[in-house]
């Protein structure tokens, strides 16, 4: 099963887990599995239409999924996805 790495600010919504094993053949299925398991994450990571919020990035290795096939990016059995939240300041 693929693994999703959870950033520190989102861990309170995953019972303080640093990573979660999820099912899914692609990134979209893996994210949906995560959000089904931890529904309190959904409003923090997705917009009302279900798409990821602009400040939420998913990385497969060093590659942002937006530079690959987006949520249709295929996942192997033991691949790791990292949730990375952009930080803005001013």
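Filtering 54, 33 for residues that are within 16 Å of residue 1 (Cα to Cα) and either surrounded by 14 or more Cβ atoms within 10 Å (Cβ to Cβ) or free of Cβ contacts under 8 Å to residues at least 40 places away in the same chain (or both) leaves a single hit, 33. The combined condition, being modelled with pLDDT of 95 or more and more than 16 Å from residue 6 (Cβ to Cβ), is fulfilled by residue 74. The single residue among 81, 75, 4 that is over 11 Å from the mean Cα position of the chain (by Cα), crowded, with 17+ Cβ neighbours inside 10 Å and in contact (Cβ under 8 Å) with a residue 60 or more places away in the chain turns out to be 75.
Consider residue 31 carefully, then state whether it is touching a helix residue (DSSP H, G or I) at 6+ places or on another chain (Cβ under 8 Å) and closer than 20 Å to residue 17 by Cβ. Considered against the rule, which asks whether it is touching a helix residue (DSSP H, G or I) at 6+ places or on another chain (Cβ under 8 Å) and closer than 20 Å to residue 17 by Cβ, residue 31 comes out as yes.
The values are calculated or read from the model by the stated rules, or taken from the named source; none is laboratory data. Nothing here was measured: the structure is a model prediction, and the numbers come from that model. Positions of Cβ are generated from backbone atoms using ideal geometry, with glycine treated the same way; all protein chains shown enter the neighbour counts.
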